Each structure stands twice: as C-alpha cells, then as structure tokens.
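Written out below as structure tokens is the structure these notes cover.
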Amino acid sequence: MKKIVRKLIIMAAIAVTLAGLSAVSASAKTVKLKGASFTTTAAAADAVATPVGKGTMTVKVPKKTSGYLRFTAPATKAYSFTVSNIKAGRFCCGYFYVMTMYGKDNSYIGQEKVATQGGEATGLFVATKKSKKSKYVSAATRYLKSRTGTIALQAGQTVYIYFSMTRKSTLKFKIK
C-alpha cells in the first residue's frame, strides 16, 4: 500500500513539473514581422501589422528591415515598451515608434512622444552597441542597447509599433 501511495505522489510531482515546463515554454513567444514600409494610413499599417498582447517576445525583423506590431490596451494605464538584446551577426542599429490613430474616423496614425531614458522622444533609437556620448545628441535620442518608452493608453486603444533596423535582426520586445 505504501509503495502505491509513494508511486502516486511521484507521478503527481512529475505531472506538476511537466505542466510548469510547458507553461514556461508557451510564454516565450516569437513574432515575425511582415516587411512593410513606413505609412501614416491606419488601414495600410493594419493590413501588415502583427497583433501582440502584453508580455515578452522575440521579434524577428525581416530582410526588408521594417514592420509593424499592433497592440490593443486591455485596461487604462501607462504601458511600457522595451527593446533589448538585439542580435544581427554584426553591428545593427535602428529605431521604433509608438504610433496612435487620429483624424476623422481614426484613419491616420502618427508618432507619439513617449517618456524614455533622458527625456521624451518620438523615435526610440537602439543598437547592438551603445553609442558614445556627444554634445550634439541628447540622452533621449542616443542609440542604446536597451530602450524603454512609456505612454498612457485608454482601455481598447490600439497603437502600432513601427520597427526600422539597418539589417535583418532579432530582438527582445516587452510590453508591460
């Protein structure tokens, strides 16, 4: 009887461990951007944008080096968008914009100023290596290895995140 109980406990422990492992691997999401050029028309961006939710994901930027993600805020609060860990084989730099809809019938999208390291900026510049300090470049517009932008959104509000990189690359992207 004790052997049966012991076996059941071991089997239950294994089941719990395996369930935890599958949950961890499911949260590590990879998103591949569709190559797209910059646009200010919401319909054009929506046609090529990859929908994403909150969390951490790996974003693959294509050979065309640019593309869109679409995020709809589930609740009214300030959301942070972070790019880090850029990998491209050799030096790569670029930027990302957080864009909101405006105009009659929300038919256009435009870059928003977001709070970031060193102040506010519309373009959040990132690179595989941090750029040197310069008296000509503000801290908010320097190329950094990791960049976070924060913006307040209303529940149900959709934003487009436009990425433009100098070459095909992968990066870690987090929405919090």
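Each value in this text was obtained by applying a stated rule to the coordinates, not by laboratory testing. What you see is a predicted model; the values in this text were computed from it and never measured. Here the Cβ positions follow ideal geometry from the backbone for every residue, glycine too, while neighbour counts run over all protein chains shown.
When the alpha-carbon atoms of segment 29-175 are used, the pair Rg, Dmax equals 14.5, 44 angstrom. In terms of surrounding Cβ atoms within a 10 Å radius of their Cβ, Val52, Val59 rank from fewest to most as Val52, Val59.
Taking the centroid of alpha carbons for each part, segment 65-137 and segment 43-58 are 14 Å apart. Note on Lys77 and Ser107: their simple-model spin labels are 3.6 nm apart, each label 7 Å out from Cα toward Cβ. Projected label points at Thr40 and Lys64, each 7 Å from Cα along the beta carbon direction, are separated by 2.1 nanometres.
For Lys32, the residues 5 or more places off, or on other chains, whose built amide H falls under 5 Å of its own are Lys60. Ordering Thr170, Thr128 by the number of other Cβ atoms within 10 Å of each residue's own Cβ, fewest first, gives Thr170, Thr128.
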